[in-house]
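FYI, it's all coordinate maths here, none of it is from the lab. Please read all numbers here as calculations on a predicted model, not as lab measurements. So basically every Cβ, Gly included, is an ideal-geometry build from the backbone, and we count neighbours across all protein chains shown.
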Amino acid sequence: MGEVFLLSAKNKISAIMQIGYLFKELSTKKRNFIMHLILLIILILLLIGLLPRWPYSREWGYYPSGGVGLILLILIILLLV
């Protein structure tokens, strides 16, 4: 109970290699979809995080989220094309 498992460097490398082999076995279309999905989720989280919620940042308006929103819009257009 409460045991901590430490991986040696050799085990870490083999674990990373196994993940790489699993990812390599996926088709290119599935890999691209997964990578785009991860990127889209990260950008949406960044966009939500940039909304002005604190009193000192309300004066900034929506300016900080504009750049991330533009990148998100471009990626959505690229995904649909």
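Values computed for the structure shown
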| read-out | value |
| --- | --- |
| Spacing of the two label points (7 Å from each Cα toward its C-beta) at Phe33 and Leu73, in nm | 2.8 nm |
| Förster radius 30 Å - calculated FRET efficiency between Ile16 and Val81, Cβ distance, rounded to 0.05 | 0.35 |
